[in-house]
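The values are calculated or read from the model by the stated rules, or taken from the named source; none is laboratory data. These figures come from a predicted structure and were not determined experimentally. Backbone-built Cβ (ideal geometry, glycine too); neighbour counts: all protein chains shown. Accessible surface areas use protein heavy atoms only, side chains included; no ligands, DNA or RNA. Shrake-Rupley method; radii C 1.70, N 1.55, O 1.52, S 1.80 Å.
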Amino acid sequence: MIGTGRAAHRQTVLDVGAHYFVDLHHNRLEDIGEVDMVFDVIGGQTLHRSATLVRSGGALVSITEPTPVPTGIARVIFFVVEPDGMELVALERRLRDGRLRPRVGAIYSLEDALAAFDPTRHSRGKTIIRVIDDGDGE
């Protein structure tokens, strides 16, 4: 598995299972060669550049935007998450028994939530906006 991102995220990408890391700012994505599947979470130019890497018969999955079907790719999927109560229960079970380990980034109070959307802010992990003060002092 090949993971991509900024240099600062190299270890995080490797820690979640990537065998190789490509720095999108300092390495050429096109030098990777053909791959069986691309799972895009960035979109834009990165999605379009990644699409050219998928071998004939491979798959391109994007969670950011629909993409034109590159020639030779067997499957192009625009994956949109829909709310599903049963799936949320299954995710909760995985979280409670340790099979799911979320990466939490910055945590903001509801009063400071606007700062979470600052486009110059970068956080490793998911940003949390705490709606209710649980009294633990965090």
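Take every pair of alpha-carbon atoms less than 8 Å apart whose residues are at least six positions apart; their mean separation over the length of the chain yields a relative contact order of 13 percent. Set the Cα radius of gyration of the chain against 2.2 N^0.38 Å, with N its number of residues, and you get 1.25. Surface composition of the chain: carbon plus sulfur atoms contribute 56% of the solvent-accessible area (1.4 Å probe, protein chains only, all chains present). The loop-placed GluC sites (Glu not before Pro) in region 11-87, going by DSSP, that have at most 16 neighbouring Cβ atoms within 10 Å of their Cβ come out as Glu34. Surface analysis of the chain yields an accessible area of 74 Å² per residue, using protein heavy atoms and a 1.4 Å probe. Across region 1-70, the relative contact order, built from alpha-carbon pairs under 8 Å that are at least six residues apart, equals 25 percent. Note on region 36-108: Cα Rg divided by 2.2 N^0.38 Å, N the number of residues, gives 1.41.
Which value, in Å² and to the nearest 10, is the accessible area of Met37 when all protein chains are kept and the probe is 1.4 Å? About 110 Å², rounded to the nearest 10. Applying a DSSP loop filter and a limit of 11 other Cβ atoms within 10 Å to the trypsin sites (Lys or Arg not before Pro) in region 34-125 leaves Arg99, Arg103, Arg121. Asp23 sits among other residues whose Cβ lies under 11 Å from its own Cβ, and their net charge, with Lys and Arg +1 and Asp and Glu -1, is +3.
What does the extension gain come out to for Thr52 and Ile2, with contour length at 0.36 nm per residue minus their alpha carbon separation?
16.5 nm
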